[in-house]
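The values are calculated or read from the model by the stated rules, or taken from the named source; none is laboratory data. Remember, it's a predicted structure, so these values are computed and weren't measured experimentally. Virtual Cβ from ideal backbone geometry, glycine too; neighbours counted across all protein chains shown. Remember, those area values only see protein heavy atoms, side chains included, never the ligands or the DNA or RNA. Shrake-Rupley method; radii C 1.70, N 1.55, O 1.52, S 1.80 Å.
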Amino acid sequence: MLSAQYRLTRQYTESLCAPLNIEDYIPQAIDFTSPPKWHLAHTSWFFEEMILTKFMADYTVFDGHFTFLFNSYYQSVGEKAVRAQRGLITRPTVEQVYQYRHYVDEHMVRLLSSDISDDIKALVTLGINHEQQHQELLLTDLKYTLALNPIYPVYQVDFDLVGKHSAVTSIDMPWLRIDEGVYEIGHQDDSFCFDNERGRHKVYLHPYEIATSLVTNGEYLEFIQSGGYSTFNYWLDDGWTWLCANQINSPLYWKQIDGQWFYYTLAGLKALDMQASVSHVSYYEANAFANWKHMRLATEFEWEVASNQFDWGLRWEWTSSAYLAYPGFNVSEGAVGEYNGKFMINQMVLRGASVATTPNHSRATYRNFFQPHFQWQYSGIRLVK
């Protein structure tokens, strides 16, 4: 039932904030992250702006300033606050943001108890999936902020996501062979998907072998110790420029202390688990590692075709595919049309899901996308040969 799904989603977001101190809600560590308070408010803004103000006749906005403060990138909605300054929005308070959420929830539940059209149901479903995306972003943004604290604070003692699941290597079949042929790609049934997954189409694939497990921390450490970050031959020129300019020498959150490697997790600083899947690597690093192994990354089409034959969901897996439209892709009218299409430039596709992804949020056709230098998501590496 849609109403129950709505309530569950909203409650889950707030449960992720339960371990926070009030001071944790405010800081913004860097321009591409957002504070927990902003995530709480923006996901409520989505339901208010996209649904309640348009389809509930007697609805009064909670606070007119919020339309400006908590708009993210929707140009068609109007002006918005500067993204890099979201951490400076100390007012409204955290308490007022929670009041805003509960005000929106009260009206959404009332709307969902009435006879609503299929179009409204589709928008509510989109809003639920939008909030699920922000649940993962809330965790990854929070981790980025907490990791800058020199005392390595603990978000939750049992929340060591990077070490919770270890990569499993199949002794009998470490590599999966896929025959050449014409395959169909893209979402095909009536279940929910984002618009960038639609446009099911055929692709021709040459024969390839894809790893049944992800690259581990131990394997990646061998790359580091062999001079992987100081050998330009492994790197794309753009990646080498990024590496040198930012003095990158390991995945994000890795720390070498007295000759031993550690990594920061939401459960605090931990000794590097050599069997866990490597995480928090950029596309540049994933591609360089693959070059070092004399292999490559899968295209998103190769990944999708093979995905029903191996486990995934531990890490968002970088592919070698640029984020582009599928055949027949159309941008929807209004603000909803800004959701995906306008970002189809200078980004690489990631497939699968991660340990931070909300349960049941992903699927084999899901197309995540980020610029190639980003490390702060739970991103990993699967090789192809």
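Kindly state which strands (runs of 3 or more DSSP E) lie completely within the range 292-385 and contain at least 2 residues that are under 13 Å from the mean Cα position of the chain (by Cα), at pLDDT 95 or above and of a type in the set (A, V, I, L, M).
Where strands (runs of 3 or more DSSP E) fall fully within the range 292-385 and carry at least 2 residues being under 13 Å from the mean Cα position of the chain (by Cα), at pLDDT 95 or above and of a type in the set (A, V, I, L, M), they are 348-352.
Output the residues belonging to the range 314-334 that are open to solvent by less than 20 Å² (accessible area, probe 1.4 Å) and over 11 Å from Asn196 (Cα atoms).
Within the range 314-334, Arg315, Trp316, Glu317, Trp318, Thr319, Ser321 qualify.
Sort through Asp105, Asp160 and tell me the only one that's more than 27 Å from Asn368 (Cα to Cα), in contact with a Lys or Arg (Cβ under 7 Å, 6 or more places away or on another chain) and open to solvent by 20 Å² or more (accessible area, probe 1.4 Å).
It is Asp105.
Checking the condition in contact (Cβ under 8 Å) with a residue 60 or more places away in the chain and open to solvent by 20 Å² or more (accessible area, probe 1.4 Å), which residue from Tyr12, Tyr59 passes?
Unique residue meeting the criteria: Tyr12.
Filter the range 111-160 down to the residues that are free of Cβ contacts under 8 Å to residues at least 24 places away in the same chain and not in a loop (DSSP other than H, G, I, E, B), then identify the one that is nearest to the chain's Cα centre (by Cα).
Ala122
Between a first residue in the range 368-384 that is open to solvent by 30 Å² or more (accessible area, probe 1.4 Å) and a second residue that is of a type in the set (A, V, I, L, M), which pairs have beta carbons less than 7 Å apart while being 6 or more apart in sequence or on different chains?
Phe369/Met348; Phe369/Val349; Phe369/Leu350; Phe370/Met348; Phe370/Leu350
Within the range 224-256, take every residue that is surrounded by fewer than 20 Cβ atoms within 10 Å (Cβ to Cβ) and of a type in the set (A, V, I, L, M) and give me the one that is nearest to Ser282 (Cα to Cα).
Per the criteria, the residue is Ile248.
Testing Gly259 on (1) open to solvent by less than 90 Å² (accessible area, probe 1.4 Å); (2) in contact (Cβ under 8 Å) with a residue 24 or more places away in the chain, one condition comes back false. Which one is that?
Checking Gly259 against (1) open to solvent by less than 90 Å² (accessible area, probe 1.4 Å); (2) in contact (Cβ under 8 Å) with a residue 24 or more places away in the chain, the one that fails is (2).
Go through the residues of the range 295-306 one by one and say whether even a single one is in contact (Cβ under 8 Å) with a residue 24 or more places away in the chain, in contact with a Gly (Cβ under 8 Å, 6 or more places away or on another chain) and open to solvent by 50 Å² or more (accessible area, probe 1.4 Å).
Scanning the range 295-306, I find no residue that is in contact (Cβ under 8 Å) with a residue 24 or more places away in the chain, in contact with a Gly (Cβ under 8 Å, 6 or more places away or on another chain) and open to solvent by 50 Å² or more (accessible area, probe 1.4 Å), so the answer is no.
Collect the residues in the range 209-235 that are touching a helix residue (DSSP H, G or I) at 6+ places or on another chain (Cβ under 6 Å) and not in a helix (DSSP H, G or I), keeping them in residue-number order.
Ile210, Gly228, Trp235
From Lys293, Lys342, which residue is among the charged types (D, E, K, R) and under 24 Å from Ile30 (Cβ atoms)?
Among Lys293, Lys342, only Lys342 is among the charged types (D, E, K, R) and under 24 Å from Ile30 (Cβ atoms).
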